[in-house]
Amino acid sequence: MDLSNLKPAKGATKKEKRIGRGQGSGRGGTSTRGHKGAKSRSGYSSKRGFEGGQNSLTRRVPKFGFNNPTRVEYKGINLDALQTLAENHGLKSIDPQVLYTNGLIAKNDKLKVLGRGELKGAIEVKAHAFSATAKAAIEAKGGKVEVIATVAEKA
């Protein structure tokens, strides 16, 4: 066997359907499109979500509420989670990069530290936002709080 006599396995390839090549082909006349109607015409393409003239789902379902384009979505992490992370890895400083490498937040998440739980020692915490109780609890244990400015705030 060599490259000159290679061919696909039996039944692996099919012949192309030659549509619109005369009556003798068996696919002449209407060329497998049936008789009349939009789908039989040339240039036909249906719009996405078109349901044959029936009122489409996007128009049947009511709209409500308000989408705030300037909303900032934070990922909340509580003090107890920071404490366990600090204990398990012997950390004195915690920032979003540390939380990302340990799988607690996604790469582009904005981090907000929340006040549930308590700290046992001084930890330096860097985040995009802090709740008042979290900030007070960190500083009460001798830790430092640093707010990271986002790209929108820097501009």
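Since every read-out is calculated from the coordinates, none of them should be taken as a lab result. A quick note: this is a predicted structure, and the numbers were derived from the prediction, not measured. Methodologically, a virtual Cβ is constructed for each residue, glycine included, from the backbone with ideal geometry; neighbour enumeration extends over all protein chains shown.
Under the condition of being over 27 Å from the mean Cα position of the chain (by Cα) and acidic (Asp, Glu), which residue from region 42-81 is farthest from Thr150 (Cα to Cα)?
Glu51
Any residue at all in region 95-102 that's in contact (Cβ under 8 Å) with a residue 24 or more places away in the chain and not polar (S, T, N, Q)?
Yes, there is a match, as at least one residue in region 95-102 is in contact (Cβ under 8 Å) with a residue 24 or more places away in the chain and not polar (S, T, N, Q).
Of all residues in region 1-57, how many are among the hydroxyl-bearing types (Ser, Thr, Tyr), assigned to a loop (DSSP other than H, G, I, E, B) and surrounded by fewer than 10 Cβ atoms within 10 Å (Cβ to Cβ)? Before you say what the answer is, go through the steps one by one.
The first filter runs over region 1-57 and keeps only residues among the hydroxyl-bearing types (Ser, Thr, Tyr), leaving 4, 13, 25, 30-32, 40, 42, 44-46, 56.
Filter again for assigned to a loop (DSSP other than H, G, I, E, B), leaving 13, 30-32, 42, 44-46, 56.
Filter once more, keeping what is surrounded by fewer than 10 Cβ atoms within 10 Å (Cβ to Cβ): 13, 42, 45.
Total meeting the criteria: 3.
Residues that are outside any loop (DSSP other than H, G, I, E, B) and under 30 Å from Gly20 (Cα atoms): does region 82-89 have at least one? Don't jump to the end; show me each part of the working.
Taking region 82-89 first, the residues outside any loop (DSSP other than H, G, I, E, B) are 82-89.
After this cut, where a residue has to be under 30 Å from Gly20 (Cα atoms) as well, the list is none.
No.
Quick check on my filter: what residues within region 93-127 are among the hydroxyl-bearing types (Ser, Thr, Tyr) and either assigned to a loop (DSSP other than H, G, I, E, B) or surrounded by 14 or more Cβ atoms within 10 Å (Cβ to Cβ) (or both)?
Tyr100, the sole residue that qualifies.
Can you name every residue in region 115-137 that is more than 16 Å from Gly76 (Cβ to Cβ) and without any contact (Cβ under 8 Å) to a residue 24 or more places away in the chain?
Ala136
Report yes if Ala149 is of a type outside the set (Ser, Thr, Tyr), in contact (Cβ under 8 Å) with a residue 40 or more places away in the chain and over 13 Å from Gly76 (Cα atoms), otherwise no.
Spelling it out, it is not the case that Ala149 is of a type outside the set (Ser, Thr, Tyr), in contact (Cβ under 8 Å) with a residue 40 or more places away in the chain and over 13 Å from Gly76 (Cα atoms).
Among all residue pairs at least 6 apart or on different chains, which show Cβ distances below 7 Å where the first residue, located in region 31-53, is in contact (Cβ under 8 Å) with a residue 60 or more places away in the chain and at positive phi and the second is part of a loop (DSSP other than H, G, I, E, B) and exposed (fewer than 10 other Cβ atoms within 10 Å of the Cβ)?
Between residues of region 31-53 that are in contact (Cβ under 8 Å) with a residue 60 or more places away in the chain and at positive phi and residues that are part of a loop (DSSP other than H, G, I, E, B) and exposed (fewer than 10 other Cβ atoms within 10 Å of the Cβ), there is no close pair.
Of Leu85, Leu57, Leu79, which residue is over 30 Å from Thr133 (Cβ atoms) and hydrophobic (A, V, I, L, M, F, W, C)?
Of Leu85, Leu57, Leu79, the one residue that is over 30 Å from Thr133 (Cβ atoms) and hydrophobic (A, V, I, L, M, F, W, C) is Leu57.
Here is a list: Gly90, Gly103, Gly28. Which entry is out of contact with any Pro (no Cβ under 6 Å at 6 or more places or on another chain) and over 30 Å from Val145 (Cα atoms)? Even if it seems obvious, please write down each step before you answer.
Details: Gly90 fails: over 30 Å from Val145 (Cα atoms); Gly103 fails: over 30 Å from Val145 (Cα atoms).
Gly28 is the lone residue from the list that is out of contact with any Pro (no Cβ under 6 Å at 6 or more places or on another chain) and over 30 Å from Val145 (Cα atoms).
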